[in-house]
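This report refers to the structure that appears directly beneath it.
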Amino acid sequence: MTKKERALYITPFLKDNPGILNKVKQQAKILSNNDIETVLEMNMKHKYVRVLPFVDRQFDYKITEKIKFFDVIYIRKPQYFTFNFLHYLKRIRTLNSDIKIILEIPTYPYDHEFKHRVLLGFKIIVDKIVQNYLQKYIDVVVTFSGESKIFNVPTIPIQNGYKFDISNLNYVKKNNGKIVLTIVANIEKWHGIDRLLTGLVNFPNRELFKLNIVGSGNKTVLNNLKLFTKQNGLEEFVCFLGEKKGKELKKILMETDIGVDSLGRHRSGVFYNSSLKGKEYLAFGLPVVSGVKTELDTVIKLQKYYFRVSADDSPINFSEIRKFYSRVYNNNNRAAIKNDIFDIGKENFDYDKTLKPLVSFIKDKDV
């Protein structure tokens, strides 16, 4: 009988980001479905404890003898690397020299994503120092960036995936005739929502559009967006819906015509992004607008359903968005279009496909 690997999946606090939390759960489930028994362990400390300059509560750093019973430890990168984290890796190696240590770095480079830069100044310096020692303990880095090495550690480049559920294609017919755009995000400046708002201000027939902004996130960014909306008389066309999940989020996406991905990734120094949100839109049969290069650029069958705008701070051209909408739907059967987008997405980005390189590495198979 083939030996069944056991993996311990460790992640920092994610309760404030339901989309990422769902991704982590799906990753653990797919590994388990591939005969890699996976235990998910998430730090439950409150997120704000993490920003204190001399406090490190990103993980529970206690290591017990249980580590000897695992073949793999999969660690989702903390907000910043610390000396505690480095010591943690060393202790794991001491207790189980044969264990495979895999580090997932969701975004690379990530320097521009540090929040509270003044408060975290000391921690950012430590992060830079620790980077130089990770190669002593990490076997491989899982990356969505396409890099062959990160911190001098070999990588397994994979793509962000999604669970493609055919029930997401139930279409709720709209009666207002508007073109509905929806962006779902844990809102930060690099989502570029301001580009949408300024573009809508510049468009003479704004009544043709409805923009749903779903999510919480950076309060300063969100408040500035709301203020701009009010000052420019956009309240009738822009809906700030807050954080939504489950059935509420599904209903919003089922009523959407176009899903909007990040439009400002250039602001964080990222010009290629393995978009999780883009895959979610595909799973709802939605065409996608993006301001950063993603895997969707490479799928030929998707090109008629995918519109990439420039990676800069220029306002989004709603005349072009309207043309894109017309090209996609063009009086065709909407259900057939949604099914086609769903099928292409599932063929390329379902979790079973995107996680194959990771499964192969854990099982010592050729990638």
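The values are calculated or read from the model by the stated rules, or taken from the named source; none is laboratory data. Small disclaimer: the values here were computed from a predicted structure and weren't measured. Heads up, the Cβs are rebuilt from the backbone with ideal geometry, glycines too, and the neighbour counts pull from every protein chain shown. In case anyone asks, the SASA skips ligands and DNA or RNA and just uses the protein heavy atoms, side chains included. Shrake-Rupley method; radii C 1.70, N 1.55, O 1.52, S 1.80 Å.
Could you calculate the contour length gain from Leu208 to Glu65, that is, 0.36 nm times the residue separation minus the distance between their Cα atoms, to one decimal place in nm?
Using 0.36 nm per residue and subtracting the Cα-Cα distance, I get 45.3 nm.
Setting aside same-chain residues fewer than 8 positions from Lys226, which aspartates and glutamates have a Cα under 12 Å from its Cα?
List returned: Asp194, Glu235.
Quote the convex hull volume per residue of the chain, based on C-alpha atoms, as a whole number of Å³.
Spelled out: Cα convex hull of the chain, divided by residues, is 142 Å³.
I'd like to check one number: the per residue accessible area of the stretch 234-354, probe 1.4 Å, reported in Å² as a whole number.
Value for the stretch 234-354: 43 Å² per residue.
Where the Cα atoms of the stretch 121-163 are projected onto their three principal axes, how long is each span, largest first, in whole Å?
Computed over the stretch 121-163, the largest-to-smallest principal extents equal 39, 23, 15 Å.
Is any residue of the stretch 125-164 close enough, with backbone N under 15 Å, to a label point placed 7 angstrom from the Cα of Lys353 along the Cα-Cβ axis, and if so, which?
158-164
Taking amide H positions as placed 1.01 Å from N in the peptide plane, with prolines and chain starts having none, which residues 5 or more places from Val238, or on another chain, fall under 5 Å of its amide H?
Here Leu211 satisfy the definition.
Which of rounded, prolate, oblate describes the stretch 148-279, given a ≥ b ≥ c as roots of the alpha-carbon gyration tensor eigenvalues and a/c under 1.5 marking rounded, otherwise prolate only if a/b is larger than b/c?
Note, shape of the stretch 148-279 comes out oblate.
What part of the accessible area of the chain, given as a whole %, is carbon or sulfur when the probe is 1.4 angstrom?
51 percent
When the chain is fully extended, how far beyond the present Cα-Cα distance does Ser319 get from Lys230, taking 0.36 nm per residue of separation?
29.8 nm
Can you give me the angle between helix 318-329 and the longest principal axis of the chain, using Cα atoms only, in degrees from 0 to 90, rounded to the nearest 10?
Relative to the chain, helix 318-329 is tipped by roughly 80 degrees.
Between Leu95 and Val221, what FRET efficiency follows from the Cβ-Cβ distance if R0 is 45 Å, with the result rounded to 0.05?
E between Leu95 and Val221, to the nearest 0.05, is 0.55.
Within the set of other residues whose C-beta is less than 13 Å from the C-beta of Ser275, count the net charge using Lys and Arg as +1 and Asp and Glu as -1.
That sum, taken over residues with Cβ under 13 Å, equals +2.
Grab the beta carbon distance between Leu241 and His87, set R0 = 41 Å, and tell me the FRET efficiency rounded to 0.05.
0.40
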